[in-house]
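**Q** Could you have a look at this structure, given as structure tokens, before my questions?
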Amino acid sequence: MKDDIRFKLDKIADIWNYFIWDYCFCSSKIKFNDDVKTNYFGDILGYFQDTLDIVFETKRLSNEYSEKFSHTISFLQAIYIQQDFVEELLGIFRTSIDKGHLKNDHLYSINRDLRNELIGHPIRKFEGKLISSTLFSYQANEGEIQYLRYHTDNKFQSEKKTYSIEDIQQRHKEFLEKYFEIILQKLRTILDEFVSELEKLEKVIINRDFSTVLKLVELYFEAIFENDYLYDKESLLKIYARKDEHQRYHNLIDRFYKDLKSAIADKKKFVTEIYEREKIDYSQISNVELPQIDFLFTDSTITKTSKEEQKTTYHYEIGKIATKRNAMDFDFFAGLLRSKCENNELVLNELNHMENNIYNEIEYYTSLRLICAELSEE
């Protein structure tokens with residue numbers, strides 16, 4: 001049962017993490033208030049995952065009264081907590097479904113009332129007068145919850161109430177699936193609108209001036225500004241104004257356009273993948289036959305030769321000068337790169353430019369980006 005629930009919960013989490021959290025266009029469609037902007041939503045999802053096993057795993061209990069009692073409390077309380085979480089999620093995603101709607105749904109109310117009567121309010125009074133009381137039964141069979149109920153409606157005559165644990169689980173599963181699907185439908189509407197805006201943005205990239213492109217990116221695709229040190233609106237406008245002045249500036253703007261187009265395409269593809277994702281049947285994984293692995297032993301001299309013929313790489317040095325922003329560290333790692341590129345005039349010139357502008361973000365990183373392009377280390 002829990003795999004079906006976890007599958008939908010994971011979808012909601014992915015949409016939250018990669019769309020709602022990253023893009024104001026998406027977050028503006030929900031109740032994205034100060035509470036939600038904390039890790040509050042992540043805590044809900046984490047707590048939900050933690051309680052799935054309590055609700056849906058069938059545990060064989062001993063005949064000890066204390067064990068049955070404690071298991072029943074945790075089982076019903078976990079369902080109660082998850083119901084509260086669903087109510088909260090329905091509010092966050094503005095589904096127009098509130099507690100009043102849930103109370104009229106038997107998938108919610110039967111389990112809720114059972115928990116409240118047996119666990120939440122075993123002794124219930126109104127204006128000082130006893131309304132009802134309950135006692136957990138010693139006689140419950142395996143797979144059942146049973147208790148004795150005394151209520152003013154039947155003049156406090158003993159009434160035995162028995163519930164099947166499997167029925168409770170099935171009812172709760174249907175409850176979760178129903179409302180998770182409503183949430184996912186709302187999120188699908190948001191993502192469809194988002195993709196529509198991205199498709200418009202793709203057309204604008206080709207036909208509009210750079211400042212207009214940046215304004216639209218700021219409105220609909222602002223996460224791209226986190227992709228690079230210089231991908232902020234102010235820096236990009238300054239670099240664009242100098243794009244004909246030197247290759248390093250032109251390269252950065254060209255790189256930004258390529259990254260933007262690629263990121264939009266990837267985001268649209270991810271939306272499709274979320275929609276088309278199929279649930280994994282974890283029970284079948286253990287039955288998958290692993291392929292046989294054949295070990296091939298080679299002569300050590302061949303290995304040595306292949307190592308000697310390996311292509312020279314630069315990512316270590318580039319990674320270091322991208323993050324080491326003091327003169328001493330720069331001198332060391334730039335020196336390593338110079339030794340590998342002693343015949344590459346462009347790389348040597350840009351390293352000199354970086355050295356002379358080590359604390360100037362634009363000059364430093366436009367040169368670094370040009371070096372990456374020259375050495376195919378993007």
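**Q** Given the -39500 (n - 2.57) contribution per DSSP H run of 4+ residues, what per-residue ellipticity at 222 nm results for the chain, rounded to the nearest 500 deg cm²/dmol?
**A** Helix contribution divided over all residues of the chain: -20000 deg cm²/dmol.
**Q** Shifting gears a bit: Output needed: percent of Cα pairs per 20 Å distance bin for the chain, bins running from 0 to the one holding the longest distance.
**A** Answer for the chain: a P(r) of 20, 35, 29, 14, 2 percent.
**Q** Cα convex hull of region 113-254: mean projected area in nm², to one decimal?
**A** For region 113-254, the mean projected area of the Cα convex hull comes to 16.8 nm².
**Q** How much area per residue is accessible in the chain when the probe is 1.4 Å and only protein heavy atoms are counted (Å²)?
**A** Per-residue accessible area for the chain comes out at 58 Å².
**Q** Let me ask something else about it. Quick one: compute the contact order of region 116-237, relative version, from alpha carbon pairs under 8 angstrom and 6+ residues apart, as a percent.
**A** Computed over region 116-237, the figure is 11 percent.
**Q** Return the FRET efficiency for the residue pair GLU174, LYS203: r is the Cβ-Cβ distance, R0 is 35 Å, and the value is rounded to the nearest 0.05.
**A** According to the calculation, E is roughly 0.20.
**Q** Separate question: Across region 17-76, what fraction of all alpha-carbon pairs, as a whole percent, falls in each successive 10 Å bin from zero upward?
**A** Taking every Cα pair in region 17-76, the percentages come to 18, 32, 19, 17, 12, 2.
**Q** Next up: Ordered by residue, what ³J(HN,Hα) values in Hz, to whole numbers, does region 123-139 give under the Karplus form 6.51 cos²θ - 1.76 cosθ + 1.60, where θ = phi - 60° and Gly and Pro are x?
**A** Working through the residues one at a time gives 10, 10, 10, 9, 6, x, 9, 5, 9, 7, 8, 9, 9, 5, 7, 7, 9 Hz.
**Q** Per residue Cα convex hull volume for region 57-123, in cubic angstrom?
**A** Measuring per residue, one finds 98 Å³ for the Cα hull of region 57-123.
**Q** I would also like to ask the following. How high is the relative contact order of the chain, in percent, counting Cα pairs under 8 Å that sit 6 or more residues apart?
**A** Reported relative contact order: 14 percent.
**Q** Counting residues in region 24-154 as N, plug N into 2.2 N^0.38 Å and put the Cα Rg over that result.
**A** Ratio of Rg to 2.2 N^0.38 Å for region 24-154: 1.30.
**Q** Each residue of region 66-77 in turn: what ³J(HN,Hα) in whole Hz from Karplus with 6.51, -1.76, 1.60 and θ = phi - 60°, glycine and Pro shown as x?
**A** Once θ is set to phi - 60°, the couplings for region 66-77 become 4, 5, 4, 5, 5, 5, 4, 4, 5, 4, 5, 5 Hz.
**Q** In vacuum, with every alpha carbon of region 128-210 counted as one equal point scatterer, what does the Debye formula give for log10 I(q)/I(0) at q = 0.12, 0.16, 0.23 Å⁻¹? Two decimals, please.
**A** -0.64, -0.83, -1.04
**Q** So what J values fall out for region 103-116 if you push phi through Karplus, 6.51 cos²θ - 1.76 cosθ + 1.60 with θ = phi - 60°, rounded to Hz, Gly and Pro as x?
**A** Using θ = phi - 60°, the values come out as 4, 8, 9, 5, 4, 8, 5, 4, 5, 5, 5, 4, 4, 5 Hz.
**Q** In addition: Which pairs in the list LYS320/LYS340; LYS99/LYS186; LYS269/LYS320; LYS11/LYS267 are over 25 Å apart, alpha-carbon to alpha-carbon? Intermediate results must be reported in sequence, preceding the final value.
**A** Values: LYS320/LYS340 15 Å; LYS99/LYS186 18 Å; LYS269/LYS320 33 Å; LYS11/LYS267 15 Å.
The answer is LYS269/LYS320.
The values are calculated or read from the model by the stated rules, or taken from the named source; none is laboratory data. Owing to the predicted nature of the structure, the values given are computational and were not obtained by experimental measurement. All Cβ positions, even for glycine, are placed from backbone atoms using ideal geometry, and neighbour counts span all protein chains on display. Accessible surface is based on the protein model in full, side chains and every heavy atom, while ligands, DNA and RNA are left aside. Shrake-Rupley method; radii C 1.70, N 1.55, O 1.52, S 1.80 Å.
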